[in-house]
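The next block holds one structure in the form of structure tokens; read it before the comments.
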Amino acid sequence: MATKAETLGEAMAAVTRGEVDRFGEILLNDDIVWHWPGRSSMAGDYVGREAALGLIQGFHRLTGGRLQVQPVDILEGRDYLMAFTHITAEQDDRTLDVMMADAMRFGPDGRVVEYWTLSNDQAAVDAFLG
């Protein structure tokens, strides 16, 4: 069985390629709750895999597929994983370049059941997302 870090790496590579459904299959439990911070139109809690995938699909639509997700450092525990992730994205003439801190709680099936995202520059993320 793959480690949580290996699972995350595989999932992040899939999302960068635009394979959002594959990202969900690899990483997200059917009953996931994803907490997206801030004051943008996308802020809130996404309950269930389909809702969480809708969030990611929204990012891809917004950026025309110009979203890059690269794990930088990963801290893995028994039930939790913390990933510091470099995010770059483009939209028309605007760019986003931030670090995200993603905390994940894994369930017995080896997939994420709860996901929290924080940014080093939430104001920039909110402005980019609208």
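Please work out if Arg39 is outside any strand (DSSP E or B) and either under 12 Å from the mean Cα position of the chain (by Cα) or in contact (Cβ under 8 Å) with a residue 40 or more places away in the chain (or both). Answer is yes for this residue.
The single condition from (1) without any contact (Cβ under 8 Å) to a residue 24 or more places away in the chain; (2) among the charged types (D, E, K, R); (3) surrounded by 14 or more Cβ atoms within 10 Å (Cβ to Cβ) that Asp126 fails is (1). If you filter region 2-11 down to residues that are open to solvent by 10 Å² or more (accessible area, probe 1.4 Å) and in a helix (DSSP H, G or I), you find that the one that is nearest to Ile87 (Cα to Cα) is Gly9.
Selection over region 99-130 of residues that are within 15 Å of the chain's Cα centre (by Cα), among the hydrophobic types (A, V, I, L, M, F, W, C) and in a helix (DSSP H, G or I) gives a count of 2. Considering the conditions (1) hydrophobic (A, V, I, L, M, F, W, C); (2) surrounded by 19 or more Cβ atoms within 10 Å (Cβ to Cβ); (3) in a strand (DSSP E or B); (4) modelled with pLDDT of 95 or more, Ala52 is excluded by exactly one of them, (3). Looking at region 63-78, is at least one residue closer than 24 Å to Met1 by Cβ and touching a Gly at 6+ places or on another chain (Cβ under 9 Å)? Yes: region 63-78 contains one or more residues that are closer than 24 Å to Met1 by Cβ and touching a Gly at 6+ places or on another chain (Cβ under 9 Å). I need the full set of residues from region 59-73 which are open to solvent by less than 60 Å² (accessible area, probe 1.4 Å) and either over 25 Å from Asp126 (Cα atoms) or in a strand (DSSP E or B) (or both), in order please. Once the filter is applied, which keeps residues that are open to solvent by less than 60 Å² (accessible area, probe 1.4 Å) and either over 25 Å from Asp126 (Cα atoms) or in a strand (DSSP E or B) (or both), region 59-73 yields Leu67, Val69, Pro71.
With the structure loaded, tell me whether Val98 is among the hydrophobic types (A, V, I, L, M, F, W, C), more than 17 Å from Gly130 (Cβ to Cβ) and open to solvent by less than 30 Å² (accessible area, probe 1.4 Å) or whether it fails that test.
For Val98, the condition - among the hydrophobic types (A, V, I, L, M, F, W, C), more than 17 Å from Gly130 (Cβ to Cβ) and open to solvent by less than 30 Å² (accessible area, probe 1.4 Å) - is not met.
Test each condition in (1) modelled with pLDDT of 95 or more; (2) hydroxyl-bearing (Ser, Thr, Tyr); (3) farther than 16 Å from Pro37 by Cα for Thr63 and report the one that comes out false. Thr63 satisfies every listed condition except (1).
The values are calculated or read from the model by the stated rules, or taken from the named source; none is laboratory data. Just so it is clear, the model here is predicted, and its values are computed rather than measured. All Cβ positions, even for glycine, are placed from backbone atoms using ideal geometry, and neighbour counts span all protein chains on display. Please note that ligands, DNA and RNA were not included when accessible areas were found on the heavy atoms of the full protein model with its side chains. Shrake-Rupley method; radii C 1.70, N 1.55, O 1.52, S 1.80 Å.
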